[in-house]
Structures are given as structure tokens and as C-alpha cells.
Amino acid sequence: MKMNNPDRNEIGEILKKAKKIAVVGLSDNPARTSYQVSEAMQQAGYKIIPVNPNCDETLGEKSYRTLSEIEEPVDIVNVFRRSEYLAEVAEEAAQIDAEVFWAQLGLYSDEAERIAKEAGMTVIMDRCIKVEHAITK
């Protein structure tokens with residue numbers, strides 16, 4: 001699999017511009033990576049919008065069952081779901097006009113990349129948003 005991620009400078013610009021991150025698969029369990037990464041991004045000043053049908057609230061924010069339930073614009077859709085679910089999430093992200101589709105470290109899908117790019121989104125896969133934020137700030 002060939003990664004077609006933007007370079008570090010572009011990722012840094014994306015993170016400087018973004019304000020709202022919808023996190024698909026955000027757990028309300030503080031021991032989970034999705035919680036820890038999202039908490040760090042929240043502490044860095046981003047608004048975190050949890051998307052998990054099994055949670056009512058995470059990190060003090062209302063949790064939504066799906067991306068389509070979110071009633072405000074989203075800059076980045078950050079995904080903590082297994083790679084086989086990425087295409088489905090990319091389709092949802094395209095429907096809400098998200099600017100960036102971001103799949104966390106270890107996650108990649110050619111189909112999701114195609115769907116997201118065809119919808120005009122910048123695509124970043126197999127990268128940790130928390131690490132990229134620390135490197136590029």
C-alpha cells in the first residue's frame with residue numbers, strides 16, 4: 001500500500017487552520033487510545049465532537065451516533081475504527097462536507113481514500129493526529 005499523505009508542512013497547516021474534530025469511534029474509557037489522543041487535542045484547543053453510538057457523552061461533549069447527526073461544520077473527521085470500516089466512514093464524511101478525512105495510525109483503505117478524495121477532502125491515513133500536532137506546532 002502506498003501512502004499518499006500530504007507532507008508535514010501541509011499537515012501542519014491543516015492542523016493550524018482546523019478548529020473542530022469529529023472523532024469516529026471515540027471511547028468514553030480513559031484507558032483507550034481514542035480517548036487519550038482526543039483529550040490531548042481538546043487540551044490543545046480543538047473542539048472534539050465524539051461519534052460513537054455506544055456513548056452519550058465523552059470528554060464533556062455530547063456524543064453523536066453518526067456523523068450525519070452533527071449539526072455544525074466539521075474540519076477534520078478523525079477515525080478510530082478498523083480499516084474495513086473506513087470506506088463507510090468516508091462516505092459519511094463526504095455527506096457532511098468535512099474538509100479532512102484522517103485515519104489514525106495503523107489504518108488504511110484504498111477505497112476510503114478514493115471516496116474521500118472524490119468528495120474533495122484532504123486524506124491522511126496511518127498517522128496519529130496527536131503526534132502530527134506535536135511535531136508540526
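The values are calculated or read from the model by the stated rules, or taken from the named source; none is laboratory data. Here the structure is a predicted model, which means the values were calculated and not measured. Neighbour counts are summed over all protein chains in view; Cβ atoms, including those assigned to glycine, are modelled from backbone coordinates with ideal geometry. These accessible areas exclude ligands, DNA and RNA; they are computed on the full protein's heavy atoms, side chains included. Shrake-Rupley method; radii C 1.70, N 1.55, O 1.52, S 1.80 Å.
Being open to solvent by less than 40 Å² (accessible area, probe 1.4 Å) and not in a helix (DSSP H, G or I) is the filter here; which residues of segment 63-79 pass it?
Start the filter on segment 63-79 by keeping residues that are open to solvent by less than 40 Å² (accessible area, probe 1.4 Å), which leaves 63-64, 67, 70, 74-79.
Across segment 63-79, the qualifying residues are 63, 64, 70, 74, 75, 76, 77, 78, 79.
Of all the numbered requirements in (1) open to solvent by less than 50 Å² (accessible area, probe 1.4 Å); (2) within 15 Å of the chain's Cα centre (by Cα); (3) closer than 25 Å to residue 135 by Cβ, residue 33 misses one, and that requirement is (1). Here the condition is being of a type in the set (Val, Ile, Thr), within 17 Å of residue 132 (Cβ to Cβ), in a strand (DSSP E or B) and open to solvent by less than 80 Å² (accessible area, probe 1.4 Å); of 49, 21, 14, it holds for 21 alone.
Consider segment 53-62. How many of its residues are part of a loop (DSSP other than H, G, I, E, B) and open to solvent by less than 50 Å² (accessible area, probe 1.4 Å)? Total meeting the criteria: 2. In segment 115-127, the residues that are at positive phi form Cβ pairs under 8 Å with partners that are open to solvent by 50 Å² or more (accessible area, probe 1.4 Å), at six or more places apart or across chains, as follows: 126/3; 126/105; 126/106.
Of all the listed residues (67, 105, 59, 86), the sole one being modelled with pLDDT under 95 and either closer than 20 Å to residue 19 by Cα or not polar (S, T, N, Q) (or both) is 105.
Of all residues in segment 95-114, those that are in contact (Cβ under 8 Å) with a residue 12 or more places away in the chain and over 20 Å from residue 52 (Cβ atoms) total 6.
Within segment 1-11, the only residue that satisfies the criterion of being part of a helix (DSSP H, G or I) and either within 15 Å of the chain's Cα centre (by Cα) or among the aliphatic types (A, V, I, L, M) (or both) is 11.
Scanning segment 24-42 turns up no residue that is without any contact (Cβ under 8 Å) to a residue 40 or more places away in the chain, within 23 Å of residue 111 (Cα to Cα) and not in a loop (DSSP other than H, G, I, E, B).
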